[in-house]
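*Asks:* Quick one: the structure is below, questions incoming.
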Amino acid sequence: MSKLLVAATGLAAATALTFGGTGIQAASTTVLPAGHSFAAKLTGNATFTAGSTTMTCTVSASTGAANKVPAAPANHNDAGAVSLPINPPTFSGCSTSIFGVSVTVTTNSTNGAWALTTQNGSPATAGFTIPKGGVVLKTSGLASCTITGSPGGTTAVNGGWTNGAPSTLAISGAAVPATVTGGLLCPTGSQSANFSATYQITDTTDATQQITVTG
C-alpha cells in the first residue's frame, strides 16, 4: 500500500472521533450541579491515528444552550450511567502528517442527538456518544476522500473522568469505525482508527462551581 493510501486510511480514522464503549459499570451515578449548563473544550491536541498516519486538530469544543446537566431527579441513576445532552463538538485547526493532503472535519445531529455519558466508579468513566453519520471528514489535495464516522449507528468513544477544577474527560486511543468513499487513492470501504483527546468540562451557569460525577 502506498504512503498516500496509508495516509488516506489514517484520515478515515479521524472520523471515528466521536465515540464506543468501555465496560460501563452498573453503579449508582449522580452528576452535579443538577440543571447547570456546561462547556467541553479541548486542552492540548486531538489526534486520530491509523497505522503511521496522524491527523491533529488544535481546537475542539462543544458549547451552547443544549449542553446541560439534567434537572433532579434525572441527574441521578441508581443502576448505571447518566447521559447529558450536548451540541456536536466542532473541530478546527486540523492538519495531516502527509504532505499535500489537507483535511476538514464537520459534525452533525442529522440522525440523532449527541450526548456526554457519565458513569460513576473506581475510576469514573465518561464518553461522547455520536449518532449515525455524526462526523464527516473530507480530504483534499493529493487524495480527495469522504470519510463518515459511526456509519452503522450510534457509537461512543469513552475515557476516564476526573473531578476537579475543572473536571476532565481524557480519551486515549479509543477505536472508532468509519467508511470511506472517493477516488482511486482513497481506501474505500470499512476502516477504523484511534482517537485521543482531553477535554475540560466547565460549569457555564456558575463559574464558581464544578461539574462532578459521584455516586
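The values are calculated or read from the model by the stated rules, or taken from the named source; none is laboratory data. For clarity, every value in this text was computed on a predicted model and none was experimentally measured. Neighbour counts are summed over all protein chains in view; Cβ atoms, including those assigned to glycine, are modelled from backbone coordinates with ideal geometry. Accessible surface areas use protein heavy atoms only, side chains included; no ligands, DNA or RNA. Shrake-Rupley method; radii C 1.70, N 1.55, O 1.52, S 1.80 Å.
*Asks:* Search the stretch 149-159 for residues being among the polar types (S, T, N, Q) and part of a loop (DSSP other than H, G, I, E, B), and hand back the single one that is most open to solvent (accessible area, probe 1.4 Å).
*Replies:* Residue satisfying both the conditions and the ranking: THR154.
*Asks:* Just a yes or no: is a residue in the stretch 108-130 under 20 Å from PRO88 (Cα atoms), open to solvent by 20 Å² or more (accessible area, probe 1.4 Å) and at pLDDT below 90?
*Replies:* No: zero hits.
*Asks:* Name the single residue that is modelled with the lowest pLDDT among those in the stretch 164-203 being open to solvent by 70 Å² or more (accessible area, probe 1.4 Å) and under 17 Å from THR43 (Cα atoms).
*Replies:* Only one residue fits best here, namely SER172.
*Asks:* Out of all the residues in the stretch 38-48, is one or more modelled with pLDDT under 90 and touching a Gly at 6+ places or on another chain (Cβ under 8 Å)?
*Replies:* Yes, the conditions are met somewhere in the stretch 38-48.
*Asks:* Have a look at VAL69, VAL105, VAL101 and point out the one that is aliphatic (A, V, I, L, M), over 21 Å from TYR199 (Cβ atoms) and touching a residue at least 60 places away in the same chain (Cβ under 8 Å).
*Replies:* VAL101
*Asks:* Of all the residues that make up the stretch 177-190, how many are in contact with a Ser or Thr (Cβ under 6 Å, 6 or more places away or on another chain), part of a strand (DSSP E or B) and not hydroxyl-bearing (Ser, Thr, Tyr)?
*Replies:* Residues in the stretch 177-190 being in contact with a Ser or Thr (Cβ under 6 Å, 6 or more places away or on another chain), part of a strand (DSSP E or B) and not hydroxyl-bearing (Ser, Thr, Tyr): 4 in total.
*Asks:* Only one of GLY112, GLY127 is touching a Lys or Arg at 6+ places or on another chain (Cβ under 7 Å) and under 28 Å from THR214 (Cα atoms); which?
*Replies:* GLY112
*Asks:* Out of the residues in the stretch 72-85 that are part of a loop (DSSP other than H, G, I, E, B) and touching a strand residue (DSSP E or B) at 6+ places or on another chain (Cβ under 7 Å), state the one that is nearest to PRO151 (Cα to Cα).
*Replies:* If we take residues in the stretch 72-85 being part of a loop (DSSP other than H, G, I, E, B) and touching a strand residue (DSSP E or B) at 6+ places or on another chain (Cβ under 7 Å), then ALA81 is nearest to PRO151 (Cα to Cα).
*Asks:* Related question: Of these, THR146, THR118, THR129, which one is assigned to a strand (DSSP E or B), closer than 17 Å to PHE195 by Cβ and among the β-branched types (Val, Ile, Thr)?
*Replies:* One residue alone meets the criteria, THR129.
*Asks:* Count, please, the residues in the stretch 86-107 that happen to be surrounded by 13 or more Cβ atoms within 10 Å (Cβ to Cβ), over 14 Å from the mean Cα position of the chain (by Cα) and part of a loop (DSSP other than H, G, I, E, B).
*Replies:* 2
*Asks:* Do you know which residues across the stretch 32-85 are aliphatic (A, V, I, L, M) and open to solvent by 50 Å² or more (accessible area, probe 1.4 Å)?
*Replies:* Of everything in the stretch 32-85, those that are aliphatic (A, V, I, L, M) and open to solvent by 50 Å² or more (accessible area, probe 1.4 Å) turn out to be LEU32, VAL59, ALA65, ALA71, ALA72, ALA74, ALA79.
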